[in-house]
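Here's the structure, in structure tokens; my notes come after.
The values are calculated or read from the model by the stated rules, or taken from the named source; none is laboratory data. Because the structure is a prediction, the values reported are computed rather than measured. Neighbour counts run over all protein chains shown; Cβ positions are idealised from the backbone, glycine included.
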Amino acid sequence: MTYQETIEYLFNSAPLFQNIGGDAYKEGLSNTHKLDEYFGHPHRNFRTIHVGGTNGKGSCSHTLAAILQSAGYNVGLYTSPHLVDFRERIRVNGEMVPQEYVIRFVEEHRNFFEPLHPSFFELTTAMAFNYFAESKVDVAVIEVGLGGRLDCTNIITPDLSIITNISFDHTQFLGNTLAKIASEKAGIIKKGVPVVIGECTDETRPVFIKQAKDVNAPITLSDEENLVISSESTINNKRIYNTKPYKELCGELSGLCQEKNTNTILTAVAQLNQLGYNLSEENVRKGFANVCALTGLMGRWQKLNESPTLICDTGHNVGGISYIVNQLEQQSYRNLRIVMGMVNDKDVNGVLAMLPKDAIYYFTKASVKRAMDEKQLEALGKEHLLQGRSYTDVVTATKTALEEAEEDDLIFVGGSSFIVADLLSQKDKLNPNIS
């Protein structure tokens, strides 16, 4: 098979959550343990750091990987979903898994895994762990896929567990209260393994503290450490942090949400150093300043064009969108134009209620089965006093926004990771040329 044929085989033969949603979700770890045993428990051959939470786990995972790479470690990074290429999910020192490896993995092992009918994520996790073992990584940063307790990444025993925050997302699987969601996320807390909690609320704090106590896991609450005092964005789309351990720290990721993420990351770095890692101030500075170049991270308040300004962000639930709305309020522009699309299993009304009423909207639909119809989204938007038109695809919507915009307008594209994925994978079709 060619690489493209292999990817189509994976997408079509294993249920893919990003395409079909709940029908792809397989509760329990039975398949995961069978795959793990078949491959000889590859995750036992390297150290791991486990990162869960509702929002921010991707940014935290990539930044920690960048810091570890800067310190000279051979670093695996497993994240999801991908935006442009499947191979973004599995990286070693920022380099995507080779196409040849993906092809070989499927061809050599399909006779074993086909009778299991694994989900796409179960199979991809097995591929990642196997590749990291073959690549002889020193440590792998592993991002939880969904939830925690029953997520197939949860077979690892990490050096450190991290839970970034809790917000309402995937409530059909994780529960409809923050405490229930926190309980599922807290399932990654392991016996005797230190855990860092990024953000707590009165509802979630007791859940984490109890779980850590029950398994004798040392717990550190980042909110109590307060290692980040303040932050501000810069004119060149960076963010400067005033921190306790490093004074002024420059980050490549400029989103407002990164202040909380940075507090979590710096708390985690301190814990890793206590565990015997050797992460210097220089390593931290280099990792923060070059996270995209070192790890290939995309879609986090990413600026694609200067005049008019075009920014995309993968925030997709009430918790993530709240940061985006606050950041949009801090921007300077003549007109705000928002290209918006969502998937149908999110709190669509909750998100729409938060969005600015004075923007011009371009409602659209991502190229996944879970995507909400653009006309339905437009109708819901009007109920929330959001005025605009609908477009059948992201490129058409964004291209129209660019054509109608003045030089000092701001165009924001988001609402779903899949909206951003469609934009980034087809940006060569836009005019003017997008970087």
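Identify, from the list ALA353, ALA371, the residue that is under 24 Å from the mean Cα position of the chain (by Cα) and at pLDDT 95 or above.
That would be ALA353, the only listed residue that is under 24 Å from the mean Cα position of the chain (by Cα) and at pLDDT 95 or above.
Report yes if some residue within segment 355-367 is over 14 Å from ILE419 (Cα atoms) and either touching a Phe, Trp or Tyr at 6+ places or on another chain (Cβ under 7 Å) or polar (S, T, N, Q) (or both); otherwise report no.
The answer is no; no qualifying residue exists.
Taking only pairs six or more apart or across chains, which ones have beta-carbon atoms under 7 Å, a first residue in segment 79-97 that is in the same structural domain as ILE7 (by TED's automatic domain parsing) and more than 17 Å from GLN69 (Cβ to Cβ), and a second residue that is basic (Lys, Arg) and surrounded by 20 or more Cβ atoms within 10 Å (Cβ to Cβ)?
If the second residue must be basic (Lys, Arg) and surrounded by 20 or more Cβ atoms within 10 Å (Cβ to Cβ), the pairs left are SER80/ARG89; HIS82/ARG89.
Can you list residue pairs whose Cβ atoms sit under 6 Å apart, with the first residue in segment 322-342 being touching a residue at least 12 places away in the same chain (Cβ under 8 Å) and the second being surrounded by fewer than 19 Cβ atoms within 10 Å (Cβ to Cβ) and not small (Gly, Ala, Ser)? Count only pairs 6 or more apart in sequence or on different chains.
VAL325/MET354; ARG334/GLU406; ARG334/ASP408; ARG337/ILE360; MET342/VAL348
Specify the residue that is surrounded by the most Cβ atoms within 10 Å (Cβ to Cβ); the eligible residues are those in segment 404-420 that are assigned to a helix (DSSP H, G or I) and at pLDDT 95 or above. If you could, list the steps in order and put the result at the bottom.
From segment 404-420, those assigned to a helix (DSSP H, G or I) are 404, 417-420; that's our starting set.
Those left that are additionally at pLDDT 95 or above: 404, 419-420.
On the way: GLU404: 14, ILE419: 30, VAL420: 26.
This residue is ILE419.
Is there a residue being buried (at least 23 other Cβ atoms within 10 Å of the Cβ), more than 18 Å from the chain's Cα centre (by Cα) and assigned to a helix (DSSP H, G or I) anywhere in segment 80-99?
Scanning segment 80-99 turns up no residue that is buried (at least 23 other Cβ atoms within 10 Å of the Cβ), more than 18 Å from the chain's Cα centre (by Cα) and assigned to a helix (DSSP H, G or I).
Just checking, which of LYS244, LYS238 is modelled with pLDDT of 95 or more and surrounded by fewer than 22 Cβ atoms within 10 Å (Cβ to Cβ)? Explain how you work it out, then say what you get.
Working: LYS238 fails: modelled with pLDDT of 95 or more.
Unique residue meeting the criteria: LYS244.
In segment 2-45, how many residues are surrounded by 13 or more Cβ atoms within 10 Å (Cβ to Cβ), modelled with pLDDT of 55 or more and over 20 Å from GLY187 (Cα atoms)?
16
Just to be sure before I move on: is ALA401 among the small types (Gly, Ala, Ser), in the same structural domain as GLY319 (by TED's automatic domain parsing) and under 18 Å from LYS303 (Cβ atoms) in the structure I sent? Full working, then the answer.
On the way: among the small types (Gly, Ala, Ser): yes; in the same structural domain as GLY319 (by TED's automatic domain parsing): yes; under 18 Å from LYS303 (Cβ atoms): yes.
Answer is yes for this residue.
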